[in-house]
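Here is the structure we will look at.
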Amino acid sequence: MIVALTYFRAPVRAAYFLIWLGVLGACSQATVTGGIRDPYESQNRATHNANVALDAALVRPSANVYGKALPGPVRQSVGNFASNLTLPGFVVNNILQGDIKSAGQNGMRFLFNTVFGLGGVLDPASDAGLFAAKTDFGETLYVWGVPEGNFVVLPVIGPSTERHMVGRVVDLFTNPVIATMPRPERYYALGTTVGSRLGDRYRFSNTVDSIYYDSADSYAQARLLYLQNRRFQLGVSVAEKSDSVFEELYGN
């Protein structure tokens, strides 16, 4: 607790500024529970096209090399370690949402895998029935009543909404474990996160390729799938859940 409080004191002003920036911006618009608000479509399409070009030139080739060079169990271990590091951030957001049950579940999972799973490389918690209750600060804003705002496409990251965009930034400040790591270890943690993302790109290669390269309008397809999946995650009524690739790549 002392470590967490010491950590939060440094970036708290920046975090509060980002929170209120998102709240004020989103509250200036009507709540949207369906349909698409995309007034920045021209700019979004340009960013999407740049992301697709980056994927073709760097991300997809790197993911293929990563996936073929490392055996499945090794890729799974990297993914396990990266996922374990996200759990303290989940706990913070669970508490902010008033979801004490999920906070306890995520906290127990983190402790279990850290102690008995070699720091999170293994996942004995899942075998014990302790699964992650995924969340993020974008969901926290949703619980607080902040509307989702307009659809936006972020460089490298991809589809988002204005609310989720603010949430992604604030989440950088709300994981006390990563922030309090010594600098070399922090870089290692970042490396495992990148490796985990490359593993996801390799795992879902056919689905991502079908969206990016085989769709008649890849931008519209990505926008629809992202919004469907994000709203489903938040409990907003949608016709059906979109492909799981968007939960893995863009959900948090």
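Assorted remarks:
- Residues of the stretch 214-223 classified as exposed (fewer than 15 other Cβ atoms within 10 Å of the Cβ) and touching a residue at least 24 places away in the same chain (Cβ under 8 Å), total: 0
- The set of residues in the stretch 77-87 being over 14 Å from the mean Cα position of the chain (by Cα) and of a type outside the set (Ser, Thr, Tyr) consists of Val78, Asn80, Phe81.
- Here Thr33 meets each of (1) modelled with pLDDT under 95; (2) within 22 Å of Lys134 (Cβ to Cβ); (3) surrounded by 13 or more Cβ atoms within 10 Å (Cβ to Cβ) with one exception, condition (3).
- Taking the criterion of being in a helix (DSSP H, G or I) and either surrounded by fewer than 14 Cβ atoms within 10 Å (Cβ to Cβ) or among the charged types (D, E, K, R) (or both), the residues of the stretch 181-193 that qualify are Arg183, Pro184, Glu185, Arg186, Tyr187, Tyr188, Gly191.
- Considering each residue of the stretch 96-106 in turn, at least one proves to be more than 15 Å from the chain's Cα centre (by Cα), at pLDDT 95 or above, of a type outside the set (Asp, Glu) and closer than 16 Å to Val177 by Cα.
- Residue count for the stretch 95-114 under the criterion of being of a type outside the set (Ser, Thr, Tyr) and either over 24 Å from Arg230 (Cβ atoms) or crowded, with 23+ Cβ neighbours inside 10 Å (or both): the result is 10.
- Scanning the stretch 130-148 for residues that are of a type outside the set (Gly, Ala, Ser), under 19 Å from the mean Cα position of the chain (by Cα), surrounded by 15 or more Cβ atoms within 10 Å (Cβ to Cβ) and part of a loop (DSSP other than H, G, I, E, B) gives Lys134, Thr135, Asp136, Val146, Pro147, Glu148.
- Selection from the stretch 115-129 of residues that are closer than 14 Å to Ser83 by Cα and surrounded by fewer than 19 Cβ atoms within 10 Å (Cβ to Cβ): Leu118, Gly119, Val121, Leu122, Pro124, Ser126
The values are calculated or read from the model by the stated rules, or taken from the named source; none is laboratory data. In this text, all values refer to a predicted model and were calculated from it rather than measured experimentally. When we count neighbours, we look across all protein chains shown, and the Cβ atoms used for this are built from the backbone with ideal geometry, even at glycine.
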